[in-house]
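Novice: First, the structure itself, so that you have it in front of you.
The values are calculated or read from the model by the stated rules, or taken from the named source; none is laboratory data. Quick caveat: nothing in here was measured; it's all calculated off a predicted structure. With ideal geometry, Cβ positions are generated from the backbone for all residues, glycine too; neighbour counts draw on all protein chains shown.
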Amino acid sequence: MIERIMRENDMLEKEEIFSKVLRAGRRTYFFDVRATKADDYYITITESKKFTEEDGSFHFKKHKIYLYKEDFSAFAEILEEMTSYVLNHKGEEVISERHQKDFKKEYSSDKAETQRTSFTDIDFDDI
């Protein structure tokens, strides 16, 4: 029993070789260095996004990519090219309305009611 627990701990330690976390609003990015069975290293990048239900409970959706050493240079080159393109064309300022400091969703009951009862005005003399 103790031997099995020690083996499991060794496996956990091996998986957690080096990690960094980036928290970005509802999203969290995990960058982890892991080892293959042959004890070579690779990187996993996990995006975890929090979703809150109406009852206050929440769940996370996760997406993971695996990046192996043979792809590091090409990946880094394309990532640099793409981020430079965005910054050169749109700058660093976030322009999404959701990121504006004074952004508020408009959910008025009048607006919702109007959307439910919206119809075309018909004059019965035209029929």
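Novice: Conditions: (1) more than 17 Å from residue 60 (Cβ to Cβ); (2) surrounded by 10 or more Cβ atoms within 10 Å (Cβ to Cβ); (3) of a type outside the set (A, V, I, L, M, F, W, C); (4) modelled with pLDDT of 90 or more. Residue 28 meets all but one. Number of the miss?
Specialist: Here residue 28 clears every test but (1).
Novice: Now for a separate question. In region 84-105, is there at least one residue being modelled with pLDDT under 95 and in contact with a Ser or Thr (Cβ under 9 Å, 6 or more places away or on another chain)?
Specialist: For region 84-105, residues modelled with pLDDT under 95 and in contact with a Ser or Thr (Cβ under 9 Å, 6 or more places away or on another chain): present.
Novice: Related question: What pairs come up if the first residue lies in region 10-24 and is under 12 Å from residue 42 (Cα atoms) and loosely packed, with under 11 Cβ neighbours inside 10 Å, the second is among the hydroxyl-bearing types (Ser, Thr, Tyr) and at pLDDT 55 or above, and their beta carbons are under 9 Å apart, counting only those six or more places apart or on different chains?
Specialist: 18/41
Novice: If I go through region 37-59 residue by residue, how many of them are within 23 Å of residue 16 (Cβ to Cβ) and surrounded by fewer than 12 Cβ atoms within 10 Å (Cβ to Cβ)?
Specialist: Final tally of qualifying residues: 4.
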